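Note sheet for the following structure.
What follows draws every value from the coordinates through simple rules; no lab data is involved. Please read these numbers as outputs of a predicted model, since none were measured by experiment. Positions of Cβ are backbone-derived with ideal geometry, glycine not excepted, and every protein chain shown enters the neighbour counts.
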Amino acid sequence: MADGMMAAQPAEQPDQNGYDESKTSLRTLIAFVEDAEEATQDARKLAERDRDYYDGKQLTSAEKATLRKRGQPDVVINRIKPKIDYLSGFEASSRTDPKAFPRTPQDENTAEAATDALRYEKDKSDLDQHFSAVWQNMLIDGYGGIELTIEEKQDGSKEIGCVHWEWDRLFHDPHSRKLDFSDARYLGGYVWMDEEEALELAETEEAKDAIRTMISESSMTHTYDDRPRWKTWVSGKTRKRVRVVQIYHRENGRWVYCVFTKGGKIASYPVPFVDQDGQSFCPLMLQSAYVDRENARYGLVRIMVDVQDEINKRRSKALHRLTMRQVLTERGAVDDIDATKAELAKADGLIEVNPGFRFELLGKSEEFAGELSLLQESKNEIEQMGPNASMQGKDGDAPSGRAILANQQSGQTEITMLLDRHRHLKKRVYRGIWDLIRQYKTEEWWVRVTDNEKNIRFVGLNRPVTVKEEFTKKLEAEGMPPEQIEQTIGKLAQDPMQGQMLAQVIRTENNPTEMFMDIMIEEVPDSANVQEEQFQALIQLAPAVTFPPTVYLKASSLRNKEELLQELEAVGKDPAEAQLKQAVSNLELEKLKMEVAAIVAGIDETKAKTLKTKVEADRAQMPLGLINDPAVAGAEMAPPAPQFSNASVPPTETGEMPMQQPPPGMTGDEMMGPT
């Protein structure tokens, strides 16, 4: 599609229990859209003008005609674009990463895995570019948005995606007053697509008819028109372009998603996304820069337009005064007035004056100086708006580099609120992504968290943990060197029985569905990964605490740190010490075998208890005489023994059942089966 994508549809149809599709009629949905378009008409016209001013389109057709009549060029010195571009670059250079913080020490490792997962999704979805696009929308047009989506892959896995929505494709509840639209009843957007593309979205003939029988109707303004601009919901003669509406609206305390045209609904169902508290949330997240008392959204460009107009007009007026001259003369001083005007307009004009008549050029130095003074004042005024000279590091009065840095930090104060509102959007999006990870990332998946060439580290989520991995972690916690751990595990694996025990899965690690309890999202300065942050924190402790060189090497992300660690460990090794370590290793090996056997025995005991409980429950529920012993491992290879009912045989006095009697014509040995 040229204009957008129908990205909001969930990967599977949600449970629609309790949802009445007819409750919100097509007429109501159309009324939502038309009310939003009508109520925001003036605000959108101003936003379109603000975008034109950023693009350098600052003169009207009448003003251009006047300048051409004077013989002046329609030159515009755009002071708005450099400021907005600077703020856009400032945001790009100060990007931040999400981070998950635990509330209890026990969840620290889990929080690090959540942080790695969030940063992986951020990089995969190019979220930085989407955030920068919304930031520019906030500065120029007033607001923008990001929509979270779920896409199902061919292998059945779910992928999280993000879509940036331009402001001129969005509509919202006009009664919403909050900057983040959290009080809006409905939010939505327009997508222009070819008719055949729209038909592919329709799953029923009724929905397809709704597209085919479109009503050609003009919109109230041109904001939501197709590009290039068209006027109706169906455009063109040979290529039909259809305007399709996507809307999220609240209904009975939850969000409902609907796709429709004026001809009818294409799809409608409850939004399947839920947060950590199980509450439905809207995946379309909008953010505005400013809101006036009439709920109109606007950006930083709005306050610069008037000053930019004054700069354009005063500069044009000053140029006009320079090229045009006024004359004080008596009647009859010149023979041809028109010819005199033409000569006055020339830089080397020659004027012949009749003697005895007054003819003098009027001085305009004072007026011209006043015009230039006002022009300079306008330039100074717009320079103080948004990023000023101090913030841009262009203050020539700063005595040193440190002073320039201090001025830049001071100059950022004016845009701090805008940055905070943009940061609020990012937090909401990251929290939404985490909610989708918890809800849809149920399979085992891995994320890369370091660029180390020879020691690439991956973090697994929903990862099964074996006895071998659990023992490895235990030995690492006890301080055993990696080489010795590898040798120890290798010796255990040589025993076939021990090897099977080591391969058993005992738990699942980093399950996102179990991370809901204490996960918070906070932003930190952009870094490659959590390992780099930990290394920086370790460096800051250096003046107070001195660590061995191996500690710094292990915490660093050096590409060849494993080789450096091996060289450090090889220095100063004593052969006698190596023999002693080997003897200790043999003793520890026997100890580990006993521990592995104990763990496996505990697992078997738990399974046996579970099986016993199940058997006892079955015996309690089944009629007397009809109880069958459960199958055991290996029993499936033997033929099933014939079963006979003893329901009619009463138990003995001791409560025991009498032995089963063979049926007529069969001996007891035949009843027992072949041995």
Which FRET efficiency value, to the nearest 0.05, is calculated for E34 and F101 with the Förster distance at 45 angstrom and r the Cβ-Cβ distance? 0.50
If you line up the Cα atoms of the stretch 263-325 on their principal axes, what length do they span on each, largest first, in Å? 76, 35, 20
Ranked by how many other beta carbons lie within 10 Å on average, peptides 267-279, 243-255 from highest: 243-255, 267-279
Give the share of C-alpha pairs in each 10 angstrom bin for the stretch 22-171, from 0 to the last occupied bin, in whole percents, shortest bins first. 9, 22, 25, 23, 14, 5, 2, 0
Which of the GluC sites (Glu not before Pro) across the stretch 295-364 are loop residues per DSSP, with 14 or fewer other Cβ within 10 Å? E330, E352
When the gyration tensor of the stretch 242-347 is built from Cα positions, what are the square roots of 5 times its three eigenvalues, in whole Å, from largest to smallest? 67, 19, 10
Output the pairs from K69/K313; K83/K313; K99/K427; K441/K468 with a Cα-Cα distance over 18 Å in this structure; if there are none, say none. K83/K313; K441/K468
In what sequence, highest mean first, do 294-301, 122-129, 151-158 appear when ranked by Cβ atoms within 10 angstrom? 294-301, 122-129, 151-158
With the cut-off at 22 Å, report for the stretch 101-182 the share of all Cα pairs above it, as a whole percent. 47
Among K124/K240; K122/K554; K124/K158; K45/K240, the pairs whose Cα-Cα distance exceeds 25 Å are K124/K240; K122/K554; K45/K240
Kirkwood Rh, the stretch 19-85, all Cα pairs: how many Å? 15.7
